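The next block holds one structure in the form of structure tokens; read it before the comments.
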Amino acid sequence: MAVSSIEKSTTKKVRVQVDLSETEVSLLQHLANRLAVRSRADLLQQAYGTFLWVLNELLAGRHIISVDSENMQKLDKFKELSVPAVVPLLFDQYQFLVPKPESGYKQLYLKGHNLRVGQLIYKMRANQLTDEEAALDMGLPLAQVREAQIYYQINRELIEQEAKAEKQRLQKAGVQVEPGNLPR
């Protein structure tokens, strides 16, 4: 993300133009649609406000940490960041993705399919499929493919960790997961 120009408006506000990658724009639009904001500009203002809060805390010599709900009770004293637009996201984050705790995987599945997000992304990579091609090839709504890509961007570490663990389980069971020497 790079700031490309700044111009003053007549209402004593400053307009900032930002260059974003296609992935960043896709994520930004998805979040603006899913959160309680009127526009991408409102979302960016809240993100900027959050960044300023984090910066202020760091400059004051405090640490910013992430703690799950169960461990919050163990802390004697803390400050909590409140971002009003995120509240709806905590309860209804994804329209086309669902958890399947019985599967043993933490990553989400595509709603209506026995397909994990990681499986979709890895298939798209292996076959060099665009969003549209993947949707057509697998009979999925395009919005579901795009939402899965956004989920992957946010949860890449989890998905890659689960893929690595699955590969190790298969290898331990004697399953060949990598192609052997292929004849020429």
Query raised in the report: Amide H to amide H, which residues 5 or more places from LEU97 or on other chains are under 5 Å from it, using H placed in the peptide plane?
Result: LYS111
Report task. Step through the residues of segment 42-56 one at a time and calculate ³J(HN,Hα) from phi using the Karplus curve (6.51 cos²θ - 1.76 cosθ + 1.60, θ = phi - 60°), rounding each to whole Hz and writing x for Gly and Pro. Result -> 4, 4, 5, 5, 5, 5, 5, x, 5, 4, 5, 4, 4, 4, 4
Query - Spatially proximal lysines relative to LYS13 (Cα-Cα < 17 Å; intrachain offsets below 8 disregarded) - result: none
Report summary line: At R0 = 22 Å the Cβ-Cβ FRET efficiency linking GLU166 and MET138, nearest 0.05, sits at 0.65
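A short reminder: the numbers here are calculations on the coordinates, not readings from a lab. Just so it is clear, the structure is predicted and the values come from calculations on it, not from any experiment. Because the Cβ atoms are built from the backbone with ideal geometry, glycine has one as well, and the counts that use them run over all protein chains shown.
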